[in-house]
Amino acid sequence: MCGIVGAVVTRNVQGILLEGLKRLEYRGYDSAGMAILSDDNRLDRVRALGKVGALESRLEQTPLTGNIGIAHTRWATHGKPSEDNAHPHQSGDNVAVVHNGIIENHERLRSELQQQGYTFTSETDTEVVAHLIAREFDRGGDLLSAVRDALLVFDGAYAMGVVHRDEPGVIIGARKGSPLVVGVGIEEAFLASDPLALLQVTDRFIYLQEEDVVRLSKGGRIEIFDRNGDAVERPIQTFEHSDGAASKGDYRHFMLKEIHEQPQVMTAAMEGRLSERGVLIESFGTDAEALFAKAEQIHIVACGTSYHAGMVARYWLERVAGIPTQVEVASEYRYRRVVVPENTLFVTLSQSGETADTLAALRFSRDLGYMGSLAICNVPGSSLVRESDLTLMMHAGPEIGVASTKAFTSQLVALMLLTLSLAKVRGEEPERQAEIASALRALPEVARRVLDLDKDIEALSTAFAEKHHALFLGRGAHFPIALEGALKLKEISYIHAEAYPAGELKHGPLALVDSEMPVISVAPNDELLDKLKSNLQEVRARGGELFVFADENVGIESTEGVRVLRLPHVDEALAPIIYTLPLQLLSYHVAVLKGTDVDQPRNLAKSVTVE
Ligand code: G6P
């Protein structure tokens, strides 16, 4: 994905920007570039298609000098990967801009600017930003006010860095919906979309808030203005290197760390992809809207935990977007005759992007007449990402624990964005889409409240340590959550666990229920609640011990043999994401009690690259 680096320093800035870009390479990108304000008041720019290494070779031939500059790695959304479309974008020789995110109303702005005589040299939405800032600057005032005036006109999401030849000591940064941090140096100041880009120069950061605008000027001066234009102080935070993905930090296991990272991971999965006007469909790629508008069916293929995410998505896609959806495990799909109706979109889900069966399924799908393929994946540059027509990165950060946790919930957030995108192009109920979008924004906070119940869940886990079997029940979109809960328990605690849609209980598994069979159920406040309550009675009547994770409003009480843990209320559509968290924690604590190798359970691999 796109990355931004900027710096106002006392030394030559080129090396700092280049190193910053290299540190952003893990995000995946297709071109890179930088613009530097030279000491003799020129705006010099070098861009290259391909890797940062290609840009570096160009810079060896034509080195840039100066103390102020901005740089970018681009992941194409508007316009193909090419040098012309690479950032920074300029307006004449005066303004240069780097930008992450999507300007939704760029087409209208482009024609307006063209009528006013501005010439465009790229297919990007970002070039509109450069011209608009140039226009506002020429109307009088300084660069800060020109940027602020221009921002008033944009719809969409952005993080940006801007320099102007006529205000040579300054970089302006702005964010809305996409992350941007300021690095604090000694008489130097920096800007980046990710603090990792700047760790070579500072470990002190200011995390800009929504709609903040910042002016970095010579001498390391940092001035931040909030959405009302008022000067504000934001706290400086020291980056904890021990928080790095490859370290467990204060956690006993990677799995526990990754479970607790989920609120941030949910934010990262939706950042820059949701504006006040709803989901930004271009997040899936330039061609996404046209493709989604034509789609009449969805086929989802995945393995393991990713398959469970796909099963949840089927309920969402049919309920919210009204689009027929099928979900299948990749190892089955790839070996059967698949009949593909016209205008079917093929979707793969994979944390690693390297799972052999999922990759084989994608390759197998190519000759079956699908309209196109979309991969939802966590690893930029992975095989699945490279070979799919459209991609949506999950931004969950590296997941080290073999049992997938944060990747699952970030996949679900990504799948809800897909659901909202399809609902939007299909003209499904806009009010419901707006409700879900707003519930999505609030989701990380609800997740935090659930994770605060960790100690209560740990207390429940003692009831499982001596058991050999467990049964998980759920209904509707929570049946796949029951499956995922059972998978987690068996993966890391080696307890045999099965999951059933609660209505199926009477058709067989009820025969297994006795006092030695704990039964775990998720009971969100949805239309199936009353039916679920009856199913739970069936268990209780046979002496089964019940553990119920229930919405705080559903009125299920703890009684003898029934232990209820109340969860905060959440919009019904997003409940599957929230109800996953206690099941992850329960499995974790049971495994710890049993003394298994939680992060590397026996016989399993993180990424299964063989059939
Ligand atoms: C392995 C992992 C699981 C994962 C599955 C699919 O089995 O142990 O945690 O869910 O692969 O992996 P993917 O990378 O394609 O999501």
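The values are calculated or read from the model by the stated rules, or taken from the named source; none is laboratory data. Computed from a prediction, not measured in an experiment: that's the story for all the values here. Quick reminder, even Gly has a Cβ in these numbers, built from the backbone with ideal geometry, and neighbours come from all protein chains shown. Heavy atoms of the whole protein, side chains included, go into the accessibility calculation; ligands, DNA and RNA do not. Shrake-Rupley method; radii C 1.70, N 1.55, O 1.52, S 1.80 Å.
Candidates Glu504, Glu557, Glu572: the one that is surrounded by 17 or more Cβ atoms within 10 Å (Cβ to Cβ), free of Cβ contacts under 8 Å to residues at least 60 places away in the same chain, more than 29 Å from His253 (Cα to Cα) and of a type in the set (Asp, Glu) is Glu572. The set of residues in segment 529-557 being more than 15 Å from Lys506 (Cβ to Cβ) and in a helix (DSSP H, G or I) consists of Leu529, Asp530. Residue-level analysis places Ser382 among those that are among the polar types (S, T, N, Q), within 13 Å of the ligand (Cβ to nearest atom) and more than 23 Å from Leu487 (Cα to Cα).
Beta carbons closer than 7 Å, at least 6 apart along the sequence or on distinct chains, pair a first residue in segment 449-467 that is over 16 Å from Ile520 (Cβ atoms) with a second that is open to solvent by 20 Å² or more (accessible area, probe 1.4 Å) for Leu451/His260.
Residue check: is Ala375 in contact with a Ser or Thr (Cβ under 9 Å, 6 or more places away or on another chain), within 11 Å of the ligand (Cβ to nearest atom) and assigned to a helix (DSSP H, G or I)?
Here the answer is no, as Ala375 does not meet what is asked.
Go through segment 507-520 and count every residue that is open to solvent by less than 20 Å² (accessible area, probe 1.4 Å) and aliphatic (A, V, I, L, M). Residues flagged as open to solvent by less than 20 Å² (accessible area, probe 1.4 Å) and aliphatic (A, V, I, L, M) within segment 507-520 amount to 4. The number of residues in segment 204-215 that are open to solvent by 60 Å² or more (accessible area, probe 1.4 Å) and more than 16 Å from Arg227 (Cα to Cα) comes to 1. Among the residues making up segment 73-90, those that are surrounded by 24 or more Cβ atoms within 10 Å (Cβ to Cβ) and in contact with a Leu (Cβ under 8 Å, 6 or more places away or on another chain) are Thr73, Ala86. For Gly219, state whether it is in a loop (DSSP other than H, G, I, E, B) and touching a residue at least 60 places away in the same chain (Cβ under 8 Å). Considered against the rule, which asks whether it is in a loop (DSSP other than H, G, I, E, B) and touching a residue at least 60 places away in the same chain (Cβ under 8 Å), Gly219 comes out as no.
Among the criteria (1) surrounded by fewer than 23 Cβ atoms within 10 Å (Cβ to Cβ); (2) closer than 30 Å to Val402 by Cβ; (3) aliphatic (A, V, I, L, M), the one Val347 does not fulfil is (1).
Please indicate, with yes or no, whether at least one residue in segment 307-323 is on the phi > 0 side of the Ramachandran plot and either touching a residue at least 40 places away in the same chain (Cβ under 8 Å) or away from the ligand (no atom under 16 Å from the Cβ) (or both). Yes, segment 307-323 contains a residue that is on the phi > 0 side of the Ramachandran plot and either touching a residue at least 40 places away in the same chain (Cβ under 8 Å) or away from the ligand (no atom under 16 Å from the Cβ) (or both).
Summed over segment 279-306, residues that are of a type in the set (Asp, Glu) and within 16 Å of the ligand (Cβ to nearest atom) total 0.
Taking the conditions (1) touching a Leu at 6+ places or on another chain (Cβ under 8 Å); (2) buried (at least 21 other Cβ atoms within 10 Å of the Cβ) in turn, Lys257 satisfies each one other than (1).
Looking at the structure I just gave you, is Gly595 open to solvent by 60 Å² or more (accessible area, probe 1.4 Å) and more than 16 Å from the ligand (Cβ to nearest atom)? Here the answer is yes, as Gly595 does meet what is asked. Taking the numbered list (1) open to solvent by 40 Å² or more (accessible area, probe 1.4 Å); (2) touching a helix residue (DSSP H, G or I) at 6+ places or on another chain (Cβ under 6 Å) in turn, Arg221 passes all entries but (2). Taken over segment 260-272, the criterion of being in a helix (DSSP H, G or I), open to solvent by less than 20 Å² (accessible area, probe 1.4 Å) and in contact with a Ser or Thr (Cβ under 8 Å, 6 or more places away or on another chain) is satisfied by Gln262, Val265, Met266, Ala269. The single condition from (1) in a loop (DSSP other than H, G, I, E, B); (2) within 16 Å of the ligand (Cβ to nearest atom); (3) in contact with a helix residue (DSSP H, G or I) (Cβ under 9 Å, 6 or more places away or on another chain) that Asn525 fails is (2). Of the residues making up segment 321-341, those that are surrounded by 21 or more Cβ atoms within 10 Å (Cβ to Cβ) and within 29 Å of Leu583 (Cα to Cα) are Ala321, Thr325, Val327, Ala330, Tyr333. Just one residue in the set Pro582, Pro601 is part of a helix (DSSP H, G or I) and open to solvent by less than 70 Å² (accessible area, probe 1.4 Å); that residue is Pro582.
If we scan segment 54-64, do we find a residue that is within 23 Å of Ala174 (Cβ to Cβ), touching a helix residue (DSSP H, G or I) at 6+ places or on another chain (Cβ under 7 Å) and surrounded by 19 or more Cβ atoms within 10 Å (Cβ to Cβ)? Scanning segment 54-64 turns up no residue that is within 23 Å of Ala174 (Cβ to Cβ), touching a helix residue (DSSP H, G or I) at 6+ places or on another chain (Cβ under 7 Å) and surrounded by 19 or more Cβ atoms within 10 Å (Cβ to Cβ).
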